[in-house]
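Nothing in this text is a laboratory measurement; each read-out follows from the coordinates by a stated rule. Nothing here was measured: the structure is a model prediction, and the numbers come from that model. For neighbour counting, all protein chains shown are included, and Cβ atoms are generated from backbone atoms with ideal geometry for every residue, glycine included.
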Amino acid sequence: MKKIISILIIVFFGQCIMAQSVVHLEGKFQGPNLYMQNPLNGDNWCVDSIKVNRKKLTADLSMAAVEIKLKDLDLNLGDEVMIDIYHQKDCKPKILNNNTTPKKPFTLNVIELSSDGYLSWEAISEDSLRFEIEQFRWNKWIKVGSLNAKGLGKSYHYKYKVSYHSGLNKFRIKQIDAFGKPHYSKGIRITPNVKENSMVCTRHKNDITFVNETTYEIYDAEGKKVLSGHAKIVDLKTLKKGIYYINYDNKTDTFIKR
């Protein structure tokens, strides 16, 4: 049974595993300590021991409320954390601080596109999560790159090389918080001086050549993606015979592999 546990600035996603008397939690370190209820089980306290990242934690377990002092460990914001709470089979510890709404992990003060193909932005109040760069192509948002955020709540500048297609281009920045919720920047647009692309199939249909390098996706007749990338020539030798759909530049086309 999967269970999401969210706490003040720390969030864990994990699975309670009762068969071996272990509560297992995983997530990213976001700041404060974790608090746990430790009930009496007869004459003994329920929790026997606690491990953080496979190392036994020194903690006083002879009380009803236990503080798991993550702030005392050598952890940076965004570090992966694994907690194992070992307890007796006929009782169960309870995480206490588990009802906080997640905050937005970043705010963009500036987001810009340059004519030479660079997306730049200034992030403030950010968490040390990963930025994803998305471009709107073929009537959908697709991921075209990613960067690690520096975090620590300061203001930082970032720059990423992107690939333009002909016509209007749209980009945005995305982060997924520790709760698994996506957060987006506002979209930014540019119409660069890029000529419309086209493709030519060779006589034996073993490759496709574009006029210019382009990002592409190829789907089979059942809608399964079979090839993708960024190139001027695409090798089709691994494809079976049949009809295929190809997204490239800012358009969708079809071809037949014979």
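Tabulated results
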item: Within-12-Å neighbourhood charge of Asn33 [Cβ basis; K, R +1; D, E -1]; result: 0
item: Whether segment 199-257 is rounded, prolate or oblate, judged on the alpha carbon gyration tensor where a/c under 1.5 counts as rounded; result: oblate
item: Inter-label distance, nm, simple model (7 Å from Cα along the C-beta direction), Lys94/Asp116; result: 6.1
item: Highest to lowest packing among 225-233, 25-33, scored as the average C-beta count within 10 Å; result: 25-33, 225-233
item: Cα convex hull of segment 107-190, projected area averaged across orientations, nm²; result: 5.3
item: Theoretical FRET efficiency, 1/(1+(r/R0)^6), r = Cβ-Cβ of Lys240 and Ile142, R0 22 Å, to 0.05; result: 0.30
item: Pairwise label distance in nanometres, Ile256 with Ala65, each label 7 Å out on the Cα-Cβ vector; result: 7.5
item: Projected label distance in nm at Lys232 and Leu40, using a 7 Å step from Cα toward the beta-carbon; result: 8.0
